[in-house]
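Before I ask anything, let me first share the structure, which is written out below as structure tokens.
The values are calculated or read from the model by the stated rules, or taken from the named source; none is laboratory data. Keep in mind it's a predicted model, so treat the numbers as computed, not measured. A quick note on method: Cβ atoms are made from the backbone with ideal geometry, for glycine too, and the neighbour counts reach across all protein chains shown.
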Amino acid sequence: MDMRISNQSIIDEWSEFSKEDLIAFSDDGDSDRVSLLDPNIISLAGEIKGRRVLDAGCGNGYLSRKLAMLGAVVTGVEPSNNLFRYCSEKEREAPLGITYMQCDLSKMELNEEYDLVVLINVLMDIPEYQTALVNCIKVLKPGGEVIISILHPCFPGSESDWKNTGYVQVREYFDAPPIKQKYGYLITRPIQDYFNVLIENSCVIQRVIEPRQLEWLSECPCAAILNDKSEKKALNE
């Protein structure tokens, strides 16, 4: 990976997230999140009323708000300036009891424990994903769960190109170079990299979902959603 790409350089780019893009993303999330990710995430989360939830890398706070409206006690963590400012303003305008914090997930230190941590399309955006993921696992209660979604690393290409060519090509799965995006980079990694961090930190894979996107692309999953449970023991056990 280009050594000039760091967590801080990525955060700096996302801190320039524009008002126009905030409007385009919408307060409910983009169309893929609304139709594909969120229904699966909320289903995996189950009954969350009264549960403590950490939305790690919460962006504009749309999922934090959805979970809070379902009765969860939510903390949202977002490192970038404009997105943190936006979700904080939304909470002031229409309070839902959400606590927002601004920090880099790879440097996150929280004293609270959570029943559920969600990382929605976050880890493929940051170089120091291992430290960020371990920090999120550390704040789980014994038996707590983590739900992760990432863009599917097998298929990081342009969907419009696939539609034009009529086929999907998988290239450089194990050592794909970072792909420049409008903000930051898309950093794809083999799914085993995420599995191994989870397993090495006392998590058990509960379920894996690979949602499909469009009819013409129904053969290919557009994302991978991982549901994992912490098996760490309580201190008094």
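Do you know which of the residues in segment 78-96 that are farther than 30 Å from Glu210 by Cα and touching a strand residue (DSSP E or B) at 6+ places or on another chain (Cβ under 7 Å) is surrounded by the fewest Cβ atoms within 10 Å (Cβ to Cβ)?
Of segment 78-96, the ones farther than 30 Å from Glu210 by Cα are 81-82, 85-86, 88-96.
Narrowing the set further to residues that are touching a strand residue (DSSP E or B) at 6+ places or on another chain (Cβ under 7 Å) leaves 88, 91.
On the way: Ser88: 18, Glu91: 20.
Within segment 78-96, the match that is surrounded by the fewest Cβ atoms within 10 Å (Cβ to Cβ) is Ser88.
Out of Ile42, Ile98, report the one residue that is within 20 Å of Leu151 (Cα to Cα) and either in contact with a helix residue (DSSP H, G or I) (Cβ under 7 Å, 6 or more places away or on another chain) or at pLDDT below 95 (or both). Step through it out loud before you land on a result.
On the way: Ile98 fails: within 20 Å of Leu151 (Cα to Cα).
The unique qualifying residue is Ile42.
If you go through segment 6-20 one residue at a time, do you hit one that is in contact (Cβ under 8 Å) with a residue 40 or more places away in the chain, closer than 17 Å to Tyr114 by Cα and not polar (S, T, N, Q)?
No, every residue in segment 6-20 fails to be in contact (Cβ under 8 Å) with a residue 40 or more places away in the chain, closer than 17 Å to Tyr114 by Cα and not polar (S, T, N, Q).
Also, quick follow-up: Could you grab me the full set of residues in segment 97-122 that are hydrophobic (A, V, I, L, M, F, W, C), more than 21 Å from Met69 (Cα to Cα) and buried (at least 18 other Cβ atoms within 10 Å of the Cβ)?
Leu105, Met108, Val122 - these are the residues of segment 97-122 that are hydrophobic (A, V, I, L, M, F, W, C), more than 21 Å from Met69 (Cα to Cα) and buried (at least 18 other Cβ atoms within 10 Å of the Cβ).
Every residue in segment 1-24 that is of a type outside the set (S, T, N, Q) and under 24 Å from Leu133 (Cβ atoms), please.
Correct list: Met1, Asp2, Met3, Arg4, Ile5, Ile10, Ile11, Asp12, Glu13, Trp14, Phe17.
Continuing with this model, one more query. Given (1) of a type in the set (D, E, K, R); (2) buried (at least 17 other Cβ atoms within 10 Å of the Cβ); (3) closer than 26 Å to Lys49 by Cβ, where does Asp125 come up short, assuming only one miss?
(3)
Related question: Write out, first by first residue and then by second, each pair whose Cβ atoms fall under 8 Å of each other, whose residues are 6+ apart or on separate chains, and whose first residue, in segment 200-218, is over 25 Å from Glu145 (Cβ atoms) and surrounded by 13 or more Cβ atoms within 10 Å (Cβ to Cβ) while the second is modelled with pLDDT of 65 or more and of a type in the set (Asp, Glu).
Listed pairs, sorted by first residue: Gln213/Asp32.
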